[in-house]
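The values are calculated or read from the model by the stated rules, or taken from the named source; none is laboratory data. None of the values given here were measured: they were computed from a predicted structure. Glycine gets a Cβ as well: all are built from the backbone with ideal geometry, and neighbour counts include every protein chain shown. Only protein heavy atoms, including side chains, enter the accessible area calculation; ligands, DNA and RNA are left aside. Shrake-Rupley method; radii C 1.70, N 1.55, O 1.52, S 1.80 Å.
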Amino acid sequence: MRTLKVLFFLCLFAPDMMAQFHPQAGLMGSLAIHKDSSIILAWADDCQILRGWMDIADTSLGKTLQGSSTDAHGKADGFVVSLGDGGEAIYSLANPIMNGPGPDFAIFENGFIDPMDSNWSYMELAEVFVSNDGLNYVKFPSQCLQDTNVQINGVGQYSDCRKVHNLAGKYVLNYGTPFDLEEFIHLSQIDLLNIRYIKIRDVIGSLNHDDCSRDKDGRKINDPYPTPYPSGGFDLDALGLIHLKYPLSVGEQVFNQENSIYPNPGSDYFSLKSKQPCIRLSIFNLQGNCIAAIHQPQFPLDCGHLQPGVYGIMIQFADSSSHYFTWVKQ
Ligand SMILES: [Ca+2]
Ligand SMILES: [Ca+2]
Ligand SMILES: [Ca+2]
C-alpha cells in the first residue's frame, strides 16, 4: 500500500518536476552568468542585424527600429537592438570559439524580474545557432514547457524561466544565458573547435501563426506576442565569449601601444605598462582556462610557479575596459 501511495504521489507531481530547468539569476542553482564574470574572456564586436516585423501578422506596421548593430557590440551595457518577430542577429567571430569545459558563450538580453516571484520574468526568447562557415548552421536543441493554451502577451506578461532551456533571453538584464557546444558533440558536420558564426533568431511567439517557433520536440514556444512596437521582439544586448580558440589577441598586443606587459618573453616576473591602474588580472592557459585571478595585482608580478609556456593575460581597468595579452614564459 505504501508503494502505491508513493507511485500515486509521483504520478501526480512528476510532470511538473520534470518540467523544471535551472532557476532565474540570483537564485541557487541558476546557470546565469553575470556580465562581470571572469569566465567571459571577450565580447563579440561584429554583428549583422536582419530586422523582423513589429507584428508578423500585420506587416503594414513595418519592421522594428529600436537600436542598431553597435548596441550588440562589446560588453553588456543595457543598450539593445530589437530584432522583431523572427529577426536575426549574426555575429562573426574573428577569434573563433571552441568547446571547452562548461558553457562556451553567453547571450545577454534585457528581461526583467516579476517583483512577486523571482523565478518569473518578462522573457523575450531567441533560438541560437552556430556555424563554422556562415552557411551551414546547427541549432541548439531548445525546450519550452510553457502552457500553450493561453498566449503570453507582449505588454510585459511574466512567465516562469524554469520552463525554458537553451533559448536566449531566459535570464534577465545583466545576466547572460549560457550555451554549451557540448550539445553538438555527437554531430560530425560541425567542428566544435572552430565556431566562427553565432546566429540569434527571435522566437515568433504567436501560438496562432503558421510560422510560430517550436522547440526540439515540436512544441510551440509561447513567447510574448504581439509586440507591435519599434522595440518589439528579442532585445539583444551582447554576446560574451568564454572559450576562445586563440585565448590571446596577438593583434591587439602588437597594435596596442598604450598598454603592454614586459619583459615578453620573460622568466619569473612581468610588469604592466598602462595609463590607468589594473583592478584585476587573470591568467589563462592555452585551453582557455583561468588558472589565476588576482585582485589589484602588484607589479612586477611573480609568476615563478608557472611552467614555461604561452599564457593569456587579461587585464581589467577601473573604467571597465580590458585588454588581452600573450605572455611567453621561458
Ligand atoms: Ca563547452
Ligand atoms: Ca519574439
Ligand atoms: Ca549592448
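Within segment 116-123, identify whether any single residue is in a loop (DSSP other than H, G, I, E, B), crowded, with 22+ Cβ neighbours inside 10 Å and within 16 Å of ligand 2 (Cβ to nearest atom), and answer yes or no. Write out each step before concluding.
Looking only at segment 116-123, we keep the residues that are in a loop (DSSP other than H, G, I, E, B), and these are 116, 123.
Keeping just the survivors that are crowded, with 22+ Cβ neighbours inside 10 Å gives 123.
So of that shortlist, the ones also within 16 Å of ligand 2 (Cβ to nearest atom) come out as 123.
Yes, because at least one residue in segment 116-123 is in a loop (DSSP other than H, G, I, E, B), crowded, with 22+ Cβ neighbours inside 10 Å and within 16 Å of ligand 2 (Cβ to nearest atom).
Here are some conditions: (1) at pLDDT below 95; (2) out of contact with any Phe, Trp or Tyr (no Cβ under 6 Å at 6 or more places or on another chain). S206 meets all but one. Which one does it not meet?
Checking S206 against (1) at pLDDT below 95; (2) out of contact with any Phe, Trp or Tyr (no Cβ under 6 Å at 6 or more places or on another chain), the one that fails is (2).
Can you tell me which residue is farthest from the chain's Cα centre (by Cα) among those in segment 22-34 that are among the hydrophobic types (A, V, I, L, M, F, W, C) and crowded, with 18+ Cβ neighbours inside 10 Å? Steps first, answer last, please.
Within segment 22-34, the subset among the hydrophobic types (A, V, I, L, M, F, W, C) is 25, 27-28, 31-33.
Restricting the remaining residues to those that are crowded, with 18+ Cβ neighbours inside 10 Å gives 25, 31-33.
Values: A25: 13, L31: 11, A32: 9, I33: 8 Å.
So, considering only residues that are among the hydrophobic types (A, V, I, L, M, F, W, C) and crowded, with 18+ Cβ neighbours inside 10 Å, the one farthest from the chain's Cα centre (by Cα) is A25.
Being within 24 Å of G288 (Cβ to Cβ) and more than 11 Å from ligand 2 (Cβ to nearest atom) is the requirement here; does L241 meet it? Don't jump to the end; show me each part of the working.
Details: within 24 Å of G288 (Cβ to Cβ): yes; more than 11 Å from ligand 2 (Cβ to nearest atom): yes.
Answer is yes for this residue.
Can you confirm whether V6 is at pLDDT below 95 and of a type outside the set (F, W, Y)?
Details: at pLDDT below 95: yes; of a type outside the set (F, W, Y): yes.
So V6 fits the description; yes.
Under 7 Å between Cβ atoms, which residue pairs at least 6 apart in sequence (or on different chains) link something in segment 89-113 that is within 16 Å of ligand 3 (Cβ to nearest atom) with a partner that is open to solvent by 30 Å² or more (accessible area, probe 1.4 Å) and not in a strand (DSSP E or B)?
Y91/D46; F108/K35; N110/G78; N110/L173; G111/L173; F112/L173
Please go through segment 129-147 and give me each residue that is open to solvent by less than 70 Å² (accessible area, probe 1.4 Å) and farther than 13 Å from I195 by Cα, ordered by number.
Of everything in segment 129-147, those that are open to solvent by less than 70 Å² (accessible area, probe 1.4 Å) and farther than 13 Å from I195 by Cα turn out to be F140, P141, S142, Q143, C144, L145, Q146.
Between D71, D104, D117, which is in the same structural domain as D46 (by TED's automatic domain parsing), charged (D, E, K, R) and within 16 Å of ligand 1 (Cβ to nearest atom)? Before the answer, list the steps.
Numbers: D71 fails: within 16 Å of ligand 1 (Cβ to nearest atom); D117 fails: within 16 Å of ligand 1 (Cβ to nearest atom).
Only one candidate qualifies: D104.
Conditions tested, residue by residue: (1) within 25 Å of R214 (Cα to Cα); (2) in contact with a helix residue (DSSP H, G or I) (Cβ under 7 Å, 6 or more places away or on another chain).
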| site | (1), (2) |
| --- | --- |
| P23 | yes, yes |
| L27 | no, no |
| S30 | yes, no |
| D36 | no, no |
| K63 | yes, no |
| D104 | yes, yes |
| F108 | yes, no |
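Could you identify the single residue in L207, L173 that is within 16 Å of ligand 3 (Cβ to nearest atom) and either more than 18 Å from P103 (Cβ to Cβ) or not assigned by TED's automatic domain parsing to the domain that holds I107 (or both)?
Details: L207 fails: within 16 Å of ligand 3 (Cβ to nearest atom).
That would be L173, the only listed residue that is within 16 Å of ligand 3 (Cβ to nearest atom) and either more than 18 Å from P103 (Cβ to Cβ) or not assigned by TED's automatic domain parsing to the domain that holds I107 (or both).
Checking M314 against (1) closer than 18 Å to I40 by Cβ; (2) in a loop (DSSP other than H, G, I, E, B); (3) in contact with a strand residue (DSSP E or B) (Cβ under 9 Å, 6 or more places away or on another chain): exactly one of these is not met. Which one?
The failed condition is (2).
Determine whether L65 is hydrophobic (A, V, I, L, M, F, W, C), open to solvent by 30 Å² or more (accessible area, probe 1.4 Å) and within 16 Å of ligand 2 (Cβ to nearest atom). I'd like the intermediate steps shown before the answer.
On the way: hydrophobic (A, V, I, L, M, F, W, C): yes; open to solvent by 30 Å² or more (accessible area, probe 1.4 Å): yes; within 16 Å of ligand 2 (Cβ to nearest atom): yes.
Considered against the rule, which asks whether it is hydrophobic (A, V, I, L, M, F, W, C), open to solvent by 30 Å² or more (accessible area, probe 1.4 Å) and within 16 Å of ligand 2 (Cβ to nearest atom), L65 comes out as yes.
Suppose we keep only residues that are over 16 Å from N132 (Cα atoms), under 17 Å from the mean Cα position of the chain (by Cα) and not basic (K, R) within segment 184-209. Which one would you say is surrounded by the most Cβ atoms within 10 Å (Cβ to Cβ)?
Out of the qualifying residues, it is D202.
Return the total of residues in segment 103-114 being open to solvent by 30 Å² or more (accessible area, probe 1.4 Å) and either among the hydrophobic types (A, V, I, L, M, F, W, C) or closer than 16 Å to S30 by Cα (or both). Full working, then the answer.
First pass over segment 103-114, keeping only residues open to solvent by 30 Å² or more (accessible area, probe 1.4 Å): 103, 110, 112-113.
Among the residues that remain, those that are also either among the hydrophobic types (A, V, I, L, M, F, W, C) or closer than 16 Å to S30 by Cα (or both) are: 103, 112-113.
So the count comes out to 3.
Within segment 174-183, can one find any residue that is buried (at least 21 other Cβ atoms within 10 Å of the Cβ), closer than 25 Å to R51 by Cα and over 21 Å from the mean Cα position of the chain (by Cα)? Walk me through how you get there before you give the answer.
Here is the first cut: in segment 174-183, the residues buried (at least 21 other Cβ atoms within 10 Å of the Cβ) are 175-179, 181.
Still in the running and closer than 25 Å to R51 by Cα: 175-179.
Restricting the remaining residues to those that are over 21 Å from the mean Cα position of the chain (by Cα) gives none.
Checked against the condition, which is being buried (at least 21 other Cβ atoms within 10 Å of the Cβ), closer than 25 Å to R51 by Cα and over 21 Å from the mean Cα position of the chain (by Cα), segment 174-183 yields no hits at all.
Restricted to segment 68-84, and to residues that are open to solvent by less than 10 Å² (accessible area, probe 1.4 Å) and not small (G, A, S), which residue is farthest from ligand 3 (Cβ to nearest atom)? Full working, then the answer.
Kept after step one, since they are open to solvent by less than 10 Å² (accessible area, probe 1.4 Å), are these residues of segment 68-84: 72, 76, 81-84.
So of that shortlist, the ones also not small (G, A, S) come out as 81, 83.
Details: V81: 8, L83: 13 Å.
By that ranking, first place goes to L83.
Which one is nearest to the chain's Cα centre (by Cα) among residues in segment 148-173 that are open to solvent by 50 Å² or more (accessible area, probe 1.4 Å) and β-branched (V, I, T)?
Among them, the one singled out is V155.
Which condition from (1) open to solvent by less than 50 Å² (accessible area, probe 1.4 Å); (2) at pLDDT 95 or above is the one that L50 breaks?
Status for L50: all satisfied but (1).
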